[in-house]
Amino acid sequence: MSIALKQVFNKDKTFRPKRKFEPGTQRFELHKRAQASLNSGVDLKAAVQLPSGEDQNDWVAVHVVDFFNRINLIYGTICEFCTERTCPVMSGGPKYEYRWQDDLKYKKPTALPAPQYMNLLMDWIEVQINNEDIFPTCVGVPFPKNFLQICKKILCRLFRVFVHVYIHHFDRVIVMGAEAHVNTCYKHFYYFVTEMNLIDRKELEPLGSSRPRDGT
């Protein structure tokens with residue numbers, strides 16, 4: 001990553017502190033393995049495939065946390081331009097509007113300005129991934145039976161961040177020289193969720209014309 005790009009993606013821009021894996025754990029080793037594959041320039045389609053002999057839930061957990069960190073960082077770089085005035089509704093163009101529901105304060109799908117939606121989303125995901133009953137960090141502690149369903153919901157909602165950034169704020173991404181970084185992150189995300197069948201294809205439609213292609 002260039003010095004200029006490092007300045008764009010600095011820690012002060014991050015919405016939330018990164019969730020990290022404890023050294024010495026299986027998940028930490030999987031995280032290192034996944035990062036090594038990415039850094040080696042290996043084909044992303046191959047990099048997202050479940051390694052032989054590894055547990056699917058561990059593999060998904062590593063990627064959910066990693067995508068949360070990365071997408072959180074991407075949104076953090078443009079959040080000053082995503083305001084209640086510029087984005088009064090959380091949307092992905094005129095055809096797609098995303099409403100917030102969390103079964104707590106918002107028991108019914110509620111239209112919200114994009115920055116408020118983003119804050120609620122990142123808070124909600126952070127609670128999930130820091131919940132030991134959902135994302136256990138101790139060796140031998142099993143994942144809950146509905147773990148993949150929870151991850152599907154997290155990833156579906158994280159995808160909406162990509163939709164909003166690409167459709168409403170990509171001009172800022174280009175100005176900051178971060179286009180290649182964001183595109184690579186999106187490609188990685190897209191290949192992973194489709195390889196692991198973690199997002200309904202219909203949910204991917206807002207960026208249908210932006211689906212990754214080899215060499216792009």
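Here are some notes:
- Residue in segment 54-74 that is over 16 Å from the mean Cα position of the chain (by Cα), surrounded by fewer than 16 Cβ atoms within 10 Å (Cβ to Cβ) and part of a loop (DSSP other than H, G, I, E, B) present: yes
- Listed by position, the helices (runs of 4 or more DSSP H) enclosed by segment 121-216 that each have at least 3 residues that are open to solvent by 10 Å² or more (accessible area, probe 1.4 Å) and either touching a strand residue (DSSP E or B) at 6+ places or on another chain (Cβ under 9 Å) or among the hydrophobic types (A, V, I, L, M, F, W, C) (or both) are 147-168, 170-175.
- Taking residues in segment 150-164 that are in contact (Cβ under 8 Å) with a residue 24 or more places away in the chain, and partners anywhere that are hydroxyl-bearing (S, T, Y) and not in a helix (DSSP H, G or I), the pairs with Cβ atoms closer than 9 Å and at least 6 places apart or on different chains are R157/Y98; R160/Y96; R160/Y98; V163/S91; V163/Y96; V163/Y98; H164/S91; H164/Y98.
- Of the residues making up segment 129-152, those that are at pLDDT 95 or above and either among the small types (G, A, S) or under 23 Å from L204 (Cβ atoms) (or both) are N146, F147, L148, Q149, I150, C151, K152.
- Flag for T83 being in a helix (DSSP H, G or I) and either within 25 Å of R172 (Cα to Cα) or basic (K, R) (or both): no
For every residue, the table says whether it meets (1) farther than 20 Å from K153 by Cβ; (2) of a type in the set (V, I, T); (3) in contact with a Lys or Arg (Cβ under 8 Å, 6 or more places away or on another chain); (4) touching a residue at least 40 places away in the same chain (Cβ under 8 Å).
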{"position": "N72", "(1), (2), (3), (4)": "no, no, yes, yes"}
{"position": "Y75", "(1), (2), (3), (4)": "no, no, no, yes"}
{"position": "M90", "(1), (2), (3), (4)": "no, no, yes, yes"}
{"position": "G93", "(1), (2), (3), (4)": "yes, no, no, yes"}
{"position": "K105", "(1), (2), (3), (4)": "no, no, no, no"}
{"position": "K108", "(1), (2), (3), (4)": "no, no, no, no"}
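The values are calculated or read from the model by the stated rules, or taken from the named source; none is laboratory data. Bear in mind that the values here come from a model prediction, so they are computed numbers and not experimental data. Using ideal geometry, Cβ is built from the backbone for each residue, glycine included, and neighbour counts are taken over all protein chains shown. Just so you know, the surface numbers come from the protein's heavy atoms only, side chains and all, with ligands and any DNA or RNA stripped out. Shrake-Rupley method; radii C 1.70, N 1.55, O 1.52, S 1.80 Å.
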